[in-house]
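Below you'll find the structure, written out as structure tokens, and then a few comments.
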């Protein structure tokens, strides 16, 4: 993208602030996985650095699980502008005690719109020792629920809650 996606303007404020505003009523603790807290000082949110050496989504999930005061976290990408609180509630209300709840959207698994339990930590650390950094590759042997989520059932402003923007062109086409 060439710039910090969390700070992109969205509906008159940084995208991260939009996410904070939407998530604050759902959670009593919000954490941000980032190695440099300086760009986020204005948000009054706890910034959690990676503990593992590789810089990827999996190391961020690991850091959040280590830092969270609760036994599980809802992890999402900083570039997801169309979060749907009802969908998040649906994931959080999944029955039983799965280690992870990773929805499958129209495009496949959505590991950065998912719920992870602290019980995932040993599997993530084992994957790290083996140099496996894909965000869904550590789940073998864990109890993982993969609810099938049709994007069209959860649209926000006509857009998928799983939409993320990785290039300036994608951002321009997705921003309202």
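The values are calculated or read from the model by the stated rules, or taken from the named source; none is laboratory data. As the structure is a computational prediction, the values presented were derived from the model and not from experiment. Ideal geometry is used to build each Cβ from the backbone, glycine not excepted, and the neighbour counts take in all protein chains shown.
Scanning segment 97-123 for residues that are surrounded by fewer than 16 Cβ atoms within 10 Å (Cβ to Cβ), out of contact with any helix residue (DSSP H, G or I) (no Cβ under 7 Å at 6 or more places or on another chain) and farther than 18 Å from residue 50 by Cα returns 97, 104, 107, 108. Summed over segment 91-123, residues that are in a strand (DSSP E or B) and in contact with a strand residue (DSSP E or B) (Cβ under 7 Å, 6 or more places away or on another chain) total 8.
Those residues that are touching a residue at least 24 places away in the same chain (Cβ under 8 Å), part of a helix (DSSP H, G or I) and out of contact with any helix residue (DSSP H, G or I) (no Cβ under 9 Å at 6 or more places or on another chain), I need them from segment 124-151; list them, please. Listed by number, the list holds a single entry, 151. Of all the criteria given as (1) more than 14 Å from the chain's Cα centre (by Cα); (2) modelled with pLDDT of 95 or more; (3) within 27 Å of residue 153 (Cα to Cα), the one not satisfied by residue 71 is (3).
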